[in-house]
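Enquirer: Before I ask anything, let me first share the structure, which is written out below as structure tokens.
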There are 2 protein chains.
Amino acid sequence: MERRLADTLRESIEQMIVTGEIADGARLDEVRLAAKFGVSRTPLREAFQVLSASGLVELIPRRGAFVRLPSVVQMIEMFEVMAELEAMCGRLATRRISADGIAALKKAADDCDRALMEGDTDQYYRENEVFHHLLYDASGNSFLAEEAARLHRRLQPFRRMQLRVRGRMGQSMKEHRDVLTAVESGDEARAADALHNHVAIQGEKFNDLMASYERTQRQAS
Amino acid sequence: MERRLADTLRESIEQMIVTGEIADGARLDEVRLAAKFGVSRTPLREAFQVLSASGLVELIPRRGAFVRLPSVVQMIEMFEVMAELEAMCGRLATRRISADGIAALKKAADDCDRALMEGDTDQYYRENEVFHHLLYDASGNSFLAEEAARLHRRLQPFRRMQLRVRGRMGQSMKEHRDVLTAVESGDEARAADALHNHVAIQGEKFNDLMASYERTQRQAS
DNA sequence: AAACGTAATTTTGTATACAAGAATGTTGAC
DNA sequence: GTCAACATTCTTGTATACAAAATTACGTTT
């Protein structure tokens with residue numbers, strides 16, 4: 001389905017931005033990138049349009065496309081909104097989820113734990129995404145599920161900053177369990193709370209983020 | 001700033017879609033539209049990319065761009081998410097708003113009332129947008145404010161469906177007052193509740209929406 | 001040396017050209 | 001009459017070409 005240059009280019013550039021290969025604030029040089037990828041400027045510019053819509057780059061008319069990475073403050077704000085959307089999903093899901101849905105959620109949580117214990121962080125992020133997507137879908141509000149998934153995807157690269165710190169992993173496991181038991185017991189408010197707490201950057205999580213952020217900043221300079 | 005064909009084209013097409021000039025599900029014919037606007041396909045296709053990102057059209061690779069208007073169910077889902085974001089704004093704004101901010105909010109509510117009493121609905125939508133944007137900004141979370149504004153804008157054409165029904169206007173005025181008093185008295189929960197209630201499609205609002213939706217459907221066919 | 005104005009050079013935005021894939025129409029077999 | 005295979009026509013996706021705006025370089029003036 002996704003077989004257009006514009007789409008693959010978008011993914012590649014996105015990757016280059018979040019890995020720091022292209023620095024924050026830098027201009028995306030159309031001719032240079034076109035040469036680098038061996039394509040013309042046309043599909044590149046189409047990719048720029050959607051990158052701009054996603055907020056990762058800013059398109060200034062007749063000036064160019066500039067990388068716009070969120071600051072720490074913006075990052076915390078984004079996770080705060082994510083937390084609220086997740087809480088909403090949790091509240092609705094608790095009311096509407098089926099027995100099969102709960103079983104699937106349990107399995108996803110188990111898979112998360114296994115990945116963590118095996119130290120396979122890439123696998124963890126995949127399983128964690130499954131867990132959260134199950135909750136989004138279980139909300140029964142497909143628009144909410146889409147929006148939550150969109151923001152989750154946008155935050156993915158920054159989420160890694162938090163969990164990299166040792167010790168956070170056990171904490172994350174426990175938080176999944178809290179969500180699960182709340183959903184299972186039909187306690188909407190507690191499910192919402194547990195999810196908000198799992199996602200928002202508060203307390204120790206703030207310190208973890210700061211430590212990670214400053215490290216990446218030092219790398220970039 | 002917005003001086004590119006691609007941007008004006010996006011706006012024009014958006015307008016054509018929400019006014020029904022281009023029907024739901026229709027394919028956006030690149031060559032026909034290019035001829036109609038007297039431009040080439042290049043800026044048109046760039047406009048398609050951002051329309052696709054906003055959800056108003058679906059881009060199917062090598063098939064074309066298709067209009068995707070939300071169904072009634074999706075519309076209710078969208079307003080439910082909007083309600084939650086507004087509630088979040090209200091909760092944070094209540095905690096963080098300044099005296100000046102409250103004064104501005106009061107003025108905006110007054111301007112809304114005046115527009116309604118004068119029967120100037122266009123003016124009402126403008127003033128209503130001011131009122132809500134003030135709340136978004138007062139939340140102190142700029143990312144939240146942006147996201148709320150984005151969704152508000154996306155829902156604007158469908159919002160008109162609800163208020164067109166006679167009698168809803170007085171209701172809307174009262175709801176603004178409820179929000180205002182809650183914010184003023186520092187009652188976070190009540191502010192959040194009042195906003196959720198103001199935005200979500202519940203009770204009589206559902207009937208109003210249905211009546212309006214069916215009317216537009218009849219027009220389209 | 002700083003500031004201004006102008007020419008040269010990039011770079012963006014748009015138009016046009018072309019190639020590959022999808023849709024459509026036609027013919028022939030059963 | 002229906003279905004299938006092929007040819008034709010349209011449509012999309014990408015490359016190239018060109019014009020206008022912005023940036024840079026440079027020389028002149030003070």
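Enquirer: So which residues in the stretch A:47-69 are more than 13 Å from DNA strand C (Cβ to nearest atom), buried (at least 19 other Cβ atoms within 10 Å of the Cβ) and within 16 Å of the chain's Cα centre (by Cα)?
Expert: Taking the stretch A:47-69 as the starting set, the residues that turn out to be more than 13 Å from DNA strand C (Cβ to nearest atom) are A:50, A:53-56, A:68-69.
Okay, now just the ones that are also buried (at least 19 other Cβ atoms within 10 Å of the Cβ), so A:50, A:56, A:69.
Residues satisfying the conditions are A:Leu56, A:Leu69.
Enquirer: Any idea which of B:Phe48, B:Phe79, B:Phe37 is among the aromatic types (Phe, Trp, Tyr), within 12 Å of another protein chain (Cβ to nearest Cβ) and farther than 30 Å from A:His196 by Cβ?
Expert: So the residue among B:Phe48, B:Phe79, B:Phe37 that is among the aromatic types (Phe, Trp, Tyr), within 12 Å of another protein chain (Cβ to nearest Cβ) and farther than 30 Å from A:His196 by Cβ is B:Phe48.
Enquirer: For the stretch A:138-176, give me the residue count where each residue is at pLDDT 95 or above and either open to solvent by 60 Å² or more (accessible area, probe 1.4 Å) or not assigned by TED's automatic domain parsing to the domain that holds A:Asp113 (or both).
Expert: 2
Enquirer: List every residue pair whose Cβ atoms sit under 8 Å apart, with the two residues 6 or more apart in sequence or on different chains, where the first one lies in the stretch A:16-38 and is more than 15 Å from A:Arg63 (Cβ to Cβ) and the second, anywhere, is of a type in the set (D, E, K, R) and crowded, with 16+ Cβ neighbours inside 10 Å.
Expert: Going by the 8 Å Cβ cut-off, the qualifying pairs are A:Asp24/A:Arg68.
Enquirer: Which of (1) within 16 Å of DNA strand C (Cβ to nearest atom); (2) modelled with pLDDT under 95 does A:Glu118 not meet, given it meets every other one?
Expert: The one condition A:Glu118 does not meet is (1).
Enquirer: Name the residue, out of B:Leu33, B:Leu9, B:Leu44, B:Leu85, that is buried (at least 17 other Cβ atoms within 10 Å of the Cβ), in the same structural domain as B:Ala145 (by TED's automatic domain parsing) and assigned to a helix (DSSP H, G or I).
Expert: B:Leu85
Enquirer: Which residues, counting only those in the stretch B:70-82, are under 21 Å from B:Glu14 (Cβ atoms), surrounded by fewer than 20 Cβ atoms within 10 Å (Cβ to Cβ) and among the β-branched types (Val, Ile, Thr)?
Expert: B:Val72
Enquirer: Determine if the stretch B:175-182 includes at least one residue that is out of contact with any Phe, Trp or Tyr (no Cβ under 7 Å at 6 or more places or on another chain), among the basic types (Lys, Arg) and away from chain A (no Cβ under 14 Å). Before you say what the answer is, go through the steps one by one.
Expert: From the stretch B:175-182, those out of contact with any Phe, Trp or Tyr (no Cβ under 7 Å at 6 or more places or on another chain) are B:175, B:177-182; that's our starting set.
Filter once more, keeping what is among the basic types (Lys, Arg): B:177.
Next, from what is left, pick out any that are away from chain A (no Cβ under 14 Å): B:177.
Scanning the stretch B:175-182, I find at least one residue that is out of contact with any Phe, Trp or Tyr (no Cβ under 7 Å at 6 or more places or on another chain), among the basic types (Lys, Arg) and away from chain A (no Cβ under 14 Å), so the answer is yes.
Enquirer: Next up: If only one of A:Glu21, A:Glu30 is acidic (Asp, Glu), farther than 30 Å from B:Gly140 by Cβ and away from DNA strand D (no atom under 13 Å from the Cβ), which one is it?
Expert: The conditions single out A:Glu21.
Enquirer: Answer yes or no: is there a residue in the stretch B:49-62 that is at pLDDT 95 or above, in a helix (DSSP H, G or I) and in contact with a Phe, Trp or Tyr (Cβ under 9 Å, 6 or more places away or on another chain).
Expert: Within the stretch B:49-62 (the criterion being at pLDDT 95 or above, in a helix (DSSP H, G or I) and in contact with a Phe, Trp or Tyr (Cβ under 9 Å, 6 or more places away or on another chain)), the answer is yes, since at least one residue qualifies.
Enquirer: Suppose we filter B:Glu58, B:Glu21 for residues that are farther than 29 Å from A:Glu77 by Cβ and within 14 Å of chain A (Cβ to nearest Cβ); which single one remains?
Expert: B:Glu58
The values are calculated or read from the model by the stated rules, or taken from the named source; none is laboratory data. None of these values were measured; they are calculated from a predicted model. Glycine also receives a Cβ, built like all others from the backbone with ideal geometry; neighbour counts cover every protein chain displayed. Ligands, DNA and RNA are excluded from the accessible area calculation, which covers all protein heavy atoms including side chains. Shrake-Rupley method; radii C 1.70, N 1.55, O 1.52, S 1.80 Å.
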